[in-house]
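The values are calculated or read from the model by the stated rules, or taken from the named source; none is laboratory data. Only a predicted model underlies this, so the values are computations on that prediction, with no experimental measurement involved. Note that each Cβ is placed from the backbone with ideal geometry, even for glycine, and that neighbours are counted across all protein chains shown.
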Amino acid sequence: MQPENQEQNATGASDAAVAGAPEEAGAEKTERPARNNRSRGPRRPRSAAKAPKKEEGAEVSEEGKQQEERKPRTQKAARNTAARGEKTARGERTARTEKADKAAGAEKQVRAEKPARAERPARSEKPVRAPKAKNVLADTASKPKVRIIPLGGLEQIGMNITAFEYEDTIVVVDCGLAFPTDDMLGIDLVIPDVTYLERNIDKVKGFVITHGHEDHIGALPYILQKINVPVYGTKLTIALIENKLKEHNLMKSTKRKVVKHGQSVNLGCFRVEFIKTNHSIADSAALALFTPAGIIVHTGDFKVDYTPVFGDAFDLARFAELGRKGVLALLSDSTNAIRKGFTASERTVGKTFDAIFAEHKNNRIIVATFASNVDRVQQIIFTAEKYGRKVVVEGRSMVNVIGTANELGYINISDGTLIEIDQLKNYPDEQTVLITTGSQGESMAALSRMASGLHRKVSIKPNDVVIMSSTPIPGNEKQVAKVINELAMRGVEVITEDTHVSGHACQEEIKLIYSLLHPKYALPVHGEYRHLMANQSIATAVGVPKENVLIMSSGDVVEICEDSCKVVDHVQHGGILVDGLGVGDVGNIVLRDRQNLAQNGIIIVVLTLERYSNQLLAGPDIVSRGFVYVRESEDLMDEAKRVVDDAVADCLSRHVTDWGKLKNIIRDSLSDFMWKRMKRNPMILPIIMEVE
């Protein structure tokens with residue numbers, strides 16, 4: 001009987017294993033109807049059902065077959081044993097299925113009784129739908145987008161101003177001027193066209209200024225008269241702005257806020273943080289704008305100086321922190337992007353000054369530099385004190401800046417070092433130093449007037465030494481060369497080598513900033529087009545994808561978010577010309593007339609006609625200015641009068657009574673004559689006077 005028991009146990013185990021498959025399926029999905037009314041016996045897995053019967057039997061009871069070979073049994077006993085096993089398995093499965101059905105029914109009832117689910121259709125009634133594909137365009141459209149609108153400072157030097165906009169907030173970074181080009185005759189300066197800001201004046205929350213140079217603050221007195229919002233900047237920057245506001249009587253009406261490095265101001269939905277940088281003026285700052293779209297960094301004008309003359313070094317640690325947080329976009333200074341290497345430290349110029357002073361102990365020394373370069377002035381004063389010289393400051397802007405910087409503690413001057421220019425004659429030449437404006441060859445600057453002999457209080461001497469501590473701004477090369485030549489003709493030694501270092505970052509410093517910030521998008525600013533392109537090459541070299549570098553133009557409306565950065569619109573922009581007290585009253589037509597006057601001069605024709613008969617009573621009289629010297633060109637003037645006489649007679653014979661037509665005929669006739677005789681095209685201005 002032992003072999004029979006072994007076979008029975010083996011067979012029962014096999015059947016139980018097969019019957020266990022429906023139990024697992026029922027556990028996964030209890031709502032499926034039970035199949036307990038079928039008479040086919042236990043349900044088998046599909047893989048097992050597809051297999052041949054013999055293989056299944058061999059797989060299940062191989063051990064039983066081996067025992068059958070040793071101890072034969074009757075076929076009937078085997079069938080009875082298998083039948084008993086199947087019956088037992090069917091009963092167990094039926095009980096389990098009924099139990100699962102009851103549990104499923106109870107679960108449905110509980111689900112139907114829940115209030116939150118009462119209005120929803122039953123799970124079985126819901127149609128089966130494929131999962132929705134992710135809509136990338138809709139996802140991008142829902143993300144916050146900040147607008148960056150440069151209104152100046154691109155594809156040019158100067159007039160830096162950029163607006164950052166999101167919904168009802170506009171923050172304006174810098175508000176500078178540009179100096180006129182050679183063809184802008186009589187123009188004093190150029191300021192940006194801010195029509196877009198005027199149209200959205202309710203959104204403008206304030207001007208945030210990076211530093212105190214004219215190309216970043218010079219337009220504020222003019223723009224604040226139209227858009228009166230608070231101005232934010234560091235201590236020296238605000239002080240220099242206040243000097244301008246006093247000149248325009250705007251101190252009482254303008255709010256100013258001093259912000260220290262490391263501090264932030266909240267303007268609408270933006271938070272703007274000031275970060276310490278280095279430049280050729282003290283208290284310069286970069287700006288980190290925390291916007292709904294992400295962090296946007298604006299470097300302002302900068303260089304990386306590890307040994308600055310005054311104050312702390314560049315806050316590279318803060319830049320690294322921002323890079324770890326994630327920077328959406330970087331607007332980086334491009335002025336020196338075409339120059340390789342690093343910009344030298346300002347202290348290197350101090351060493352040059354020391355060598356020059358030591359070599360020229362018996363000469364009067366005159367140093368021309370930018371008035372705003374406070375660190376440069378400080379080094380000149382340090383060197384003068386070292387060699388026992390008195391210092392005279394000459395030039396209105398130089399006096400104002402040094403006075404302000406001295407009051408705020410940005411320059412250290414020992415008592416008795418500074419003297420007035422009227423006291424200069426009381427000291428030997430070898431004991432004096434003049435710090436003056438005019439390093440760019442400006443015709444009205446102090447150095448230019450000294451070189452031409454027009455300065456009232458300082459006369460150039462052959463023994464003088466002049467240090468040109470600057471490099472010419474593009475466009476000023478001819479003017480600077482003219483001043484140097486005039487000084488040389490007076491026997492003056494002019495020193496220009498190693499007397500200046502730039503305040504703008506070269507390629508390696510720009511790479512450093514990109515490497516610290518890791519911006520997703522790069523938008524080069526501050527420079528001509530070639531400078532912007534050089535900055536683009538630097539950005540791609542350090543890992544910014546080329547498609548993520550955008551070269552903007554003034555007036556572009558750049559929309560930026562996490563997934564895109566593109567130009568979506570263009571707004572009005574340009575330059576407003578300032579001539580004396582007139583702002584914007586000189587346009588292209590006036591400039592063209594001035595250019596014509598400068599190139600060809602003017603001829604004025606005066607006629608006197610009788611009111612009713614239109615008879616010529618007097619004239620024509622011809623007056624010339626800037627065309628020819630009349631006393632030496634009497635024959636030409638006589639011929640010109642005959643041409644005018646003939647034109648007037650022809651008009652009167654044809655009964656031309658419209659004075660406008662008469663003036664045009666006179667102008668055209670005389671212009672043709674002058675071109676044939678002189679190959680010149682002067683401005684011709686007919687004047688007709690009427691008498692009774």
Worksheet, complete the sentence: Going through segment 494-527 in order, the residues found to be within 15 Å of the chain's Cα centre (by Cα) and either surrounded by fewer than 16 Cβ atoms within 10 Å (Cβ to Cβ) or over 24 Å from HIS216 (Cβ atoms) (or both) are LYS520
Worksheet item: Which residue, of ASP635, ASP645, ASP668, is under 51 Å from the mean Cα position of the chain (by Cα) and outside any loop (DSSP other than H, G, I, E, B)?
Response: ASP668
Discussion item. Only one of ASP305, ASP354 is at pLDDT 90 or above, assigned to a helix (DSSP H, G or I) and of a type outside the set (S, T, N, Q). Can you tell me which?
Written reply: ASP354
Practice prompt. Working only within segment 553-579, note down all residues that are crowded, with 16+ Cβ neighbours inside 10 Å and polar (S, T, N, Q).
Written response: SER554
Practice prompt. Answer yes if at least one residue in segment 233-245 is at pLDDT below 95, basic (Lys, Arg) and surrounded by fewer than 22 Cβ atoms within 10 Å (Cβ to Cβ), and no otherwise.
Written response: yes
Worksheet, complete the sentence: GLU509: passes all of (1) under 30 Å from ALA320 (Cβ atoms); (2) in contact with a helix residue (DSSP H, G or I) (Cβ under 9 Å, 6 or more places away or on another chain); (3) part of a helix (DSSP H, G or I); (4) not polar (S, T, N, Q) but (2)
Worksheet entry | Criterion violated by ASN681 - all others in (1) in contact (Cβ under 8 Å) with a residue 40 or more places away in the chain; (2) of a type outside the set (Ser, Thr, Tyr); (3) over 30 Å from ILE187 (Cα atoms) satisfied | (3)
Worksheet item: Mind checking whether some residue in segment 278-287 is within 18 Å of the chain's Cα centre (by Cα) and surrounded by fewer than 19 Cβ atoms within 10 Å (Cβ to Cβ)?
Response: no
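Every residue, every condition in (1) farther than 14 Å from ILE467 by Cβ; (2) surrounded by 15 or more Cβ atoms within 10 Å (Cβ to Cβ); (3) within 31 Å of the chain's Cα centre (by Cα), yes or no:
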site	(1), (2), (3)
ASP375	yes, yes, yes
GLN379	no, yes, no
PHE382	yes, yes, no
GLU385	yes, yes, no
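Of these, GLU477, GLU509, GLU486, which one is over 19 Å from VAL392 (Cβ atoms) and outside the structural domain of GLU359 (by TED's automatic domain parsing)?
Details: GLU477 fails: outside the structural domain of GLU359 (by TED's automatic domain parsing); GLU486 fails: outside the structural domain of GLU359 (by TED's automatic domain parsing).
Only one candidate qualifies: GLU509.
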Worksheet, complete the sentence: Residue set THR162, THR181; condition in a loop (DSSP other than H, G, I, E, B), of a type in the set (Ser, Thr, Tyr) and either in contact (Cβ under 8 Å) with a residue 60 or more places away in the chain or surrounded by 24 or more Cβ atoms within 10 Å (Cβ to Cβ) (or both); output residue THR181
Worksheet item: Taking ARG324 and the conditions (1) part of a helix (DSSP H, G or I); (2) touching a Leu at 6+ places or on another chain (Cβ under 8 Å); (3) of a type outside the set (Phe, Trp, Tyr), which numbered condition does it fall short on, given that it satisfies the others?
Response: (2)
Worksheet item: Among ASP422, ASP415, which is loosely packed, with under 13 Cβ neighbours inside 10 Å and part of a helix (DSSP H, G or I)?
Response: ASP422
Practice prompt. Among the residues of segment 403-439, count how many are among the polar types (S, T, N, Q) and either more than 28 Å from LEU487 (Cβ to Cβ) or outside the structural domain of VAL466 (by TED's automatic domain parsing) (or both).
Written response: 4
Worksheet item: From the residues in segment 359-403 that are outside any helix (DSSP H, G or I) and of a type in the set (Val, Ile, Thr), which one is nearest to ALA282 (Cα to Cα)?
Response: THR369
